[in-house]
Amino acid sequence: MNEIDASLICKALSDAHRLKIVKMLTGGELCACKLLEAFQITQPTLSHHMKVLVECNLVTTRKEWKNTYYSLNCETLTAFRTFIDSLNCSSSCQKQDCCQEDE
């Protein structure tokens, strides 16, 4: 994952509603109607949030009849986690104990 893709995901996750949506989707695919029930927002507002999550490739969609279903894109989430994990200061710290892993 490059810095531009990671920054788009960071921007998407900087909103509390979108962060909660991602957390909800960790339990599996959900219909837009189920997501809407969990928030006190309008359908157009939910659509905006979902568009942001889909555009950064963190969430995928599928249509079934009149319903839209959303799920996490595990490939993107894994790549993002790997990118974040690569951001450590252990090689540049003056105090090496600040970044040591707990045993």
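At a glance:
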quantity	calculated
Subset tally (residues that are surrounded by 11 or more Cβ atoms within 10 Å (Cβ to Cβ) and either among the acidic types (Asp, Glu) or over 16 Å from residue 74 (Cβ atoms) (or both)) for the stretch 1-11	6
Pair list, Cβ < 9 Å and 6+ apart or interchain, from the stretch 3-16 residues that are in contact (Cβ under 8 Å) with a residue 40 or more places away in the chain to residues that are of a type in the set (Asp, Glu)	8/55; 12/55
Candidate set from the stretch 39-78 (those that are in a strand (DSSP E or B) and without any contact (Cβ under 8 Å) to a residue 40 or more places away in the chain); member that is surrounded by the most Cβ atoms within 10 Å (Cβ to Cβ)	59
Qualifying positions in the stretch 27-38 - over 16 Å from residue 17 (Cα atoms) and either in a helix (DSSP H, G or I) or among the small types (Gly, Ala, Ser) (or both)	27, 28
Members of the stretch 16-26 found to be closer than 21 Å to residue 79 by Cβ and either outside any helix (DSSP H, G or I) or not aliphatic (A, V, I, L, M) (or both), listed by number	18, 23, 26
Residue identified as touching a residue at least 40 places away in the same chain (Cβ under 8 Å), at negative phi and of a type in the set (A, V, I, L, M) among 30, 19	30
Output for the stretch 12-38, where each listed residue is within 23 Å of residue 87 (Cβ to Cβ), of a type in the set (Gly, Ala, Ser) and surrounded by fewer than 17 Cβ atoms within 10 Å (Cβ to Cβ)	14, 16
For residue 78: the one exception among (1) more than 22 Å from residue 1 (Cα to Cα); (2) under 14 Å from the mean Cα position of the chain (by Cα); (3) polar (S, T, N, Q)	(1)
Residues satisfying the stated conditions in the stretch 19-39, i.e. under 15 Å from residue 60 (Cβ atoms) and under 13 Å from the mean Cα position of the chain (by Cα)	21, 22, 24, 25, 26
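Just so you know, all these numbers are worked out from the coordinates, no wet-lab data involved. What you see is a predicted model, and the numbers here were worked out from it, not measured in a lab. As a convention, Cβ positions derive from the backbone with ideal geometry for all residues, glycine included, and neighbour counts pool all protein chains shown.
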